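The values are calculated or read from the model by the stated rules, or taken from the named source; none is laboratory data. Remember, it's a predicted structure, so these values are computed and weren't measured experimentally. We place every Cβ from the backbone using ideal geometry, glycine too, and count neighbours over all the protein chains shown.
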Amino acid sequence: MKSRIYSVSFLFVFVSSITFIVSSITLTFCSSSTTDSKSSEDYKFVQRLNLIRVGTSKMTWELYLGTGGYQKLEEKVLGAFDFSPSGIESGIENQFVSAKLEKKDGFDVICVRSKLSDFDFKQDILPFVELEFNCGDKERFFGFGSWADYADATGRKRLIYTQEQHVGGEMTYDGKIVDNPWPFGELLTYFPVPFFVSSQSYAFFVTGFDPIVFSICEDGKVWKVKVFNNSATFFVFGWKEKPLEAIEKFTAIVGRQKTPPMWTFGNWIDAIGGQQKVENVALFLRENKIPSSAIWTEDWAGGFRRTEDIYTIEGWDEEPSYELYPDIKSLSAKLHSLGFRFLGYFHHVIGKNKKAFSYFQQNELLLKGKDGRTRFVFFIPEAQDVGLLDLENPKTREAIKSIMGKIAALGFSGWMADFGEWVTPDMISFSGKTGWQLHNLYPYLWAKLNREFWEEFSPSDFVFFSRSGFTGSWVFSPVVWQGDQNTSFERLDGLGSVIPLITSLGFAGVHSVGPDIAGYTSGVLSPNSDKELYIRWTSLCAFLPVFRTHHGVTPEKNWRFTKDSETLSIFRKYAQIHIKLAPFFFKLAKEGEQKGYPAVRHIFLEYPDVVQFIPEKLEVIEQEFLLGGKILVAPIVKRGEAKREVFLPPGKWIDFFSQKEFDGEQKGKFLEVEIPLGEIFVLVKKGECLEVFDPVPDTLNQTQNAQILGIDDVQIKEICF
């Protein structure tokens, strides 16, 4: 095979291959059982394809501080062959590649297989398949999983490789990064999805769990998709009136997020530091009439102070920390009597200091390196080397489920199922997969294991929440949270990133979502949270499906609803609003389970003509969202500001709080609104009704306490605007 060797950065810095066009191709027709006729829309899309490329690349990689969470990848293309796609409707077949286009169940399927054999995943020599398409005039591309900059990825690269999210980063109003995020200076994501929706009435999906790179019209002429495997299958879905149609088709194939129990939408409050402190938080909530349905406790297995300010949790083990929680079953019973569910914490790594470690190590239940020994990585949160559970080994799954069963029996109704992104390329699984093949699959397996456990232990009445994921992992995860934002207003990793992270993931149909209120990462690379940040973040989360607090890295220094009377009053107000809206959130989740629709929607999903205002008004549009098609939410996400520009979609809208009427007219319009600290701009489409609880409950659980208003004490009614 002829080779052209050169080095390129795998993280958003790519160079086109120097290759040649193979013009003599044997064509064969690929028939379909559904229909072999092509609509004009399909034909137009096929005509966009102008290049098929196959080849091999030598991959190199490095870890930041030896962790598995941050991996910088680089690629050297060893050689590649380019082919004209002319006649792909009938099929392409030669000594290097086979490619065909089929019509199945109303959408197009493009199958490409490389016949090159000089690759070896264990030696980091990966095959690839790449397609190149022409960009449409003024075409915009939305989705690709959860991204902190924009749901609209036009003009950008998207690396489909799950990682710890970058830390920090600022961006100008026109989308230029001016303060590079840590550690590599590039955007990273916990939850990539190789699926996008185009403004030109189609959507595109790549099957499988391979590393993938999309280059989206960076030169204004072509967009590319590069899959690191020797075969790839691409689905093309059409839509007519709304992009939601394409999401419905996509999720019908890969699966839809299930509806969690009603109490999921009833506010979760974090509490750590030991049995008495957790109980005190629960009592404070009830005494101060702050509605909440769950207490979640990260440090049930232990915690320690790494510094005077930084508190580190111990993850999980065979039993709880009796030092912090001497009688955790009685704590659970106390919380239940107060109308709370009790939630905990688990992850998929295990350190040598854990009681369970020797069993997992001796029975070879951890991922190995190429030398056949356990592959350890440095785990920053616990400051020690850890092994990763080999989730492809059935004995590993049974062992961790057994431990989960012992812990759940202490009175837990779920937990944070943390991490999922730490598989390194040199790891080898029980089935023989390399890290390249396992990396994007791992968060899927981790979510699947948690789902299997809970459906066996407590069917239909549990919640766990995941931060990392990949295609279809949402089928298992009842809730997805947006990972570790900085406790700041930063655009790329603070409050300013929350809405894009959620709306971009919404294009995959994920409906039950919500971030850490006021962020998580503080004290090192970010300042501690303050009053302004806490109040702005709280008001936003009142209008997201899951309302959940977090103490952050520096719990004693971060702001909290208990800090002063004004914060407490505002927090109570928004906690009451959120739990009152729980029936509406539950209805949106049901719609998501049935149709694949996200609850939190980018404006484009309901009003696709909004692209006429992009890119000029992209930042304005990306910092607001719709709940279903009924509620428009536009918060303040910048420090020190009390007014902002808002895009008002077509039609008439009613202010959620004041009942003032706004008119978006026929095409929608932009207006500037005042939003003082403690307020948020929320409109409801005129004529729409919302399902709410009346009166406002204290909890969405059943309770025998006459002083606590439980779910059996309230009714669902409609309020109309």
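Quick notes
- Residues (in contact with a Gly (Cβ under 7 Å, 6 or more places away or on another chain) and part of a strand (DSSP E or B)) located in the range 682-721: Lys685
- Answer residue from the range 319-351, given it is assigned to a loop (DSSP other than H, G, I, E, B) and under 29 Å from the mean Cα position of the chain (by Cα) and is surrounded by the fewest Cβ atoms within 10 Å (Cβ to Cβ) among those: His347
- Arg467 charged (D, E, K, R) and buried (at least 24 other Cβ atoms within 10 Å of the Cβ): yes
- Screening Lys638 with (1) part of a strand (DSSP E or B); (2) under 29 Å from the mean Cα position of the chain (by Cα) gives one miss only, at (1).
- Verdict on Asp219 being out of contact with any helix residue (DSSP H, G or I) (no Cβ under 7 Å at 6 or more places or on another chain), in the same structural domain as Asn50 (by TED's automatic domain parsing) and not in a strand (DSSP E or B): yes
- Among the candidates Leu505, Leu495, residue that is touching a residue at least 40 places away in the same chain (Cβ under 8 Å) and closer than 22 Å to Arg560 by Cα: Leu495
- Count - residues of the range 662-681 that are assigned to a loop (DSSP other than H, G, I, E, B) and farther than 23 Å from Tyr534 by Cα: 5
- The requirement of being buried (at least 16 other Cβ atoms within 10 Å of the Cβ) and among the β-branched types (Val, Ile, Thr) is not satisfied by Ile253.
- Every residue from the range 513-529 that is assigned to a strand (DSSP E or B), among the aliphatic types (A, V, I, L, M) and closer than 14 Å to Gly496 by Cα: Ile517
- Output for the range 504-525, where each listed residue is more than 13 Å from Gln482 (Cα to Cα) and surrounded by 23 or more Cβ atoms within 10 Å (Cβ to Cβ): Phe507, Ala508, Gly509, Ser522
- Selection from the range 352-395 of residues that are crowded, with 17+ Cβ neighbours inside 10 Å, farther than 30 Å from Phe462 by Cα, among the hydrophobic types (A, V, I, L, M, F, W, C) and touching a residue at least 40 places away in the same chain (Cβ under 8 Å): Val377
For (1) modelled with pLDDT of 95 or more; (2) in contact with a Gly (Cβ under 9 Å, 6 or more places away or on another chain); (3) over 27 Å from Asn486 (Cα atoms), each residue gets a yes or a no:
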position	(1), (2), (3)
Gly143	yes, yes, no
Arg158	yes, yes, no
Glu164	yes, yes, no
Gly175	no, yes, no
Ser198	yes, yes, yes
Ala203	yes, yes, yes
Phe209	yes, no, yes
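- The set of residues from the range 597-635 being part of a helix (DSSP H, G or I) and touching a Phe, Trp or Tyr at 6+ places or on another chain (Cβ under 8 Å) comprises Ile603, Phe604, Leu605, Val610, Val611, Phe613, Leu618, Glu619, Val620, Ile621, Glu622.
- Selected residue [exposed (fewer than 15 other Cβ atoms within 10 Å of the Cβ), touching a residue at least 24 places away in the same chain (Cβ under 8 Å), assigned to a helix (DSSP H, G or I) and not basic (Lys, Arg)] from Gln659, Gln576, Gln594: Gln594
- Of the candidates Glu665, Glu718, the single residue that is touching a residue at least 12 places away in the same chain (Cβ under 8 Å), within 16 Å of Phe585 (Cβ to Cβ) and more than 29 Å from the chain's Cα centre (by Cα) is Glu718.
- The conditions of being basic (Lys, Arg), in a loop (DSSP other than H, G, I, E, B) and modelled with pLDDT of 95 or more are met by Lys557.
- Restricting the range 112-152 to residues that are of a type in the set (Lys, Arg) and in contact with an Asp or Glu (Cβ under 9 Å, 6 or more places away or on another chain), the residue that is nearest to Lys176 (Cα to Cα) is Arg140.
- Filtering the range 597-624 to residues that are of a type outside the set (Lys, Arg), without any contact (Cβ under 8 Å) to a residue 60 or more places away in the chain and surrounded by fewer than 20 Cβ atoms within 10 Å (Cβ to Cβ) leaves Asp609, Gln612, Phe613, Glu616, Val620.
- Condition met for Phe585 (touching a helix residue (DSSP H, G or I) at 6+ places or on another chain (Cβ under 9 Å) and closer than 20 Å to Val498 by Cα): yes
- Segments classed as strands (runs of 3 or more DSSP E), wholly inside the range 60-131, with at least 2 members that are surrounded by fewer than 20 Cβ atoms within 10 Å (Cβ to Cβ) and among the charged types (D, E, K, R): 71-83, 97-104
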